[in-house]
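First the structure, in the form of structure tokens, and then the observations on it.
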Amino acid sequence: MRIRAAIARRGQNRFAIEDCVMDPVPRRREARLRMLACGLCHTDLAARDQHLRTPLPAVLGHEGVGVIEALGPETEGLRVGQRVLASFGACGECPSCASSAPAYCRHLARLCLLGQRLDGSSPLSQDGAPLTGHFFGQSSFATHAIVATANLVPLGEDLPAALMAPLACGVQTGMSAMVNVLRAGPGDAVAIFGCGGVGLAAVIAARIAGCERILAVDLHEERLALARSLGATAVARARRDIDAGGHAIARGSADSRDAGAGIDAALSIATDWGGLTHALDTTGQPAVIETAFLKLLRPRGTLVCAGVGKPDAVLTLPHNLVMLSGKTLRGTIEGDADPRTFVPRMVGWYREGRLPLERIVRTYPFEAIDEAVADMVSGRVVKPVLVFEQE
Ligand SMILES: [Zn+2]
Ligand SMILES: [Zn+2]
């Protein structure tokens, strides 16, 4: 069948919306969706710009909401006509998937980053040549998609598709990192580095969890104001050189690290609080992570890394300080979430008015994808969501 899709090509920093061909028949554990909305995530740009090894040309997009048009074998529990959220791709059968940890699926690299089915095939082609068409098990920057059903979550018909889309990846990552990985709660002092969609979702989750002190750190004044209105009890503006030169700082002298890595304001607040019990990094900047770990965390505190760093980013930590501190440093994919159980929890918070997604989402018609990208990159919009048709 013919569909319209936003195609990313090598060396082009714009998406081309063109016709392509989709094999309409869903295979085992797959569904065909008519898309309603799809969020834009930094990982889409990392793939387009080849910081990830996703083969181009590709149809990206991995925060899809759609309506099931057809189902393949072994898709019990789903029905045609149902509204669903497509979270990240997973096989549904390996040991990680079987133990509710699909973010660590044995086949995650193939299904998500390489954007292939397990047998290497793609449901999409153009002029007879294959397009990468199973990105994160979905490739939802398109009017229709063949999606993996392992992490397909039914949504109530009354839920607005555009607001639900970020629950598939960005919002899920931030909230689940706070709730399921850090497990912060009342009495805790937490910090969130980077206030994009993931970071702000973590701020909201920290408030829901009842954390007593919540520090948000970002480069942009407007983001910090938003963080405060969403539950941060303190904010600290990072110096701009983290953004432009974080990498240079990380490779530079010990002196530049000692200068605070651009987060001196955060350091002084954390010091006033007697150190942080928990911290979440969404920046992927080694200088920020090292300083937060060594200087902002209190003994036995935990820092979780949830941001994608540059391919050659390296952390350097003095061994004896790590050993003596009792601190924990760990990473997470998708906040360790199992979307089948965590998405319904987030929907519950949305229904209770505790997860104000409308405060971070801005919608764009599908055709305006490049404008949406520009607004996300400039920091003007936290979470752009493409909309395929009027609901
Ligand atoms: Zn798996
Ligand atoms: Zn994402």
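The values are calculated or read from the model by the stated rules, or taken from the named source; none is laboratory data. All of these numbers come straight from a predicted model, not from anything done at the bench. As a convention, Cβ positions derive from the backbone with ideal geometry for all residues, glycine included, and neighbour counts pool all protein chains shown.
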* To do: Give the residue, chosen from Tyr364, Tyr350, that is touching a residue at least 12 places away in the same chain (Cβ under 8 Å), in the same structural domain as Arg53 (by TED's automatic domain parsing) and within 30 Å of Gly156 (Cα to Cα).
  => Tyr364
* Asked: For the stretch 118-136, which residues satisfy the criterion of being on the phi > 0 side of the Ramachandran plot, within 16 Å of ligand 1 (Cβ to nearest atom) and either surrounded by fewer than 24 Cβ atoms within 10 Å (Cβ to Cβ) or without any contact (Cβ under 8 Å) to a residue 60 or more places away in the chain (or both)?
  -> none
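Pick from Gly187, Gly156, Gly133: which is at pLDDT below 95 and more than 16 Å from ligand 2 (Cβ to nearest atom)?
Working: Gly156 fails: at pLDDT below 95; Gly133 fails: at pLDDT below 95.
Answer to the selection: Gly187.
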* To do: Determine which single condition Ser122 fails, assuming it passes every other condition in (1) part of a loop (DSSP other than H, G, I, E, B); (2) in contact with a Pro (Cβ under 7 Å, 6 or more places away or on another chain); (3) closer than 13 Å to Leu152 by Cβ.
  => (3)
* Asked: Among Ile192, Ile146, which is the only one that is within 25 Å of Glu74 (Cβ to Cβ) and β-branched (Val, Ile, Thr)?
  -> Ile146
* Scan of the stretch 78-97 for residues that are surrounded by fewer than 15 Cβ atoms within 10 Å (Cβ to Cβ) and either at pLDDT below 95 or aromatic (Phe, Trp, Tyr) (or both), ordered by number -> Glu93
* Would a scan of the stretch 42-55 turn up a residue that is in contact (Cβ under 8 Å) with a residue 40 or more places away in the chain and closer than 15 Å to Met164 by Cβ? -> no
* Structure fact -> Listed by range, strands (runs of 3 or more DSSP E) wholly within the stretch 1-61 having at least 3 residues that are over 17 Å from the mean Cα position of the chain (by Cα) and farther than 24 Å from Asn151 by Cβ are 2-8, 16-22
* To do: Go through the stretch 178-216 and give me each residue that's surrounded by 24 or more Cβ atoms within 10 Å (Cβ to Cβ) and under 27 Å from Leu36 (Cβ atoms).
  => Gly197, Val198, Gly199, Leu200, Ala201, Ala202, Ile204, Ala205
* Asked: Out of Leu45, Leu52, which single residue is at pLDDT below 95, on the phi < 0 side of the Ramachandran plot and either loosely packed, with under 15 Cβ neighbours inside 10 Å or in contact with a Pro (Cβ under 9 Å, 6 or more places away or on another chain) (or both)?
  -> Leu52
* Output the number of residues of the stretch 90-126 satisfying the condition of being within 16 Å of ligand 2 (Cβ to nearest atom) and either of a type in the set (A, V, I, L, M) or not assigned by TED's automatic domain parsing to the domain that holds Ile7 (or both). => 7
* In the stretch 16-28, how many residues are surrounded by fewer than 22 Cβ atoms within 10 Å (Cβ to Cβ) and either under 27 Å from Pro160 (Cβ atoms) or within 16 Å of ligand 1 (Cβ to nearest atom) (or both)? -> 2
* So which residues in the stretch 97-113 are closer than 17 Å to Thr149 by Cβ and either more than 6 Å from ligand 1 (Cβ to nearest atom) or assigned to a helix (DSSP H, G or I) (or both)? -> Cys97, Ala98, Ser100, Pro102, Ala103, Leu108, Arg110, Leu111, Cys112
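With the structure loaded, tell me whether Ser229 is modelled with pLDDT of 90 or more and assigned to a helix (DSSP H, G or I) or whether it fails that test.
It is true that Ser229 is modelled with pLDDT of 90 or more and assigned to a helix (DSSP H, G or I).
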* To do: Give Arg223, Arg239 a once-over and let me know the one that is at pLDDT below 95 and not in a helix (DSSP H, G or I).
  => Arg239
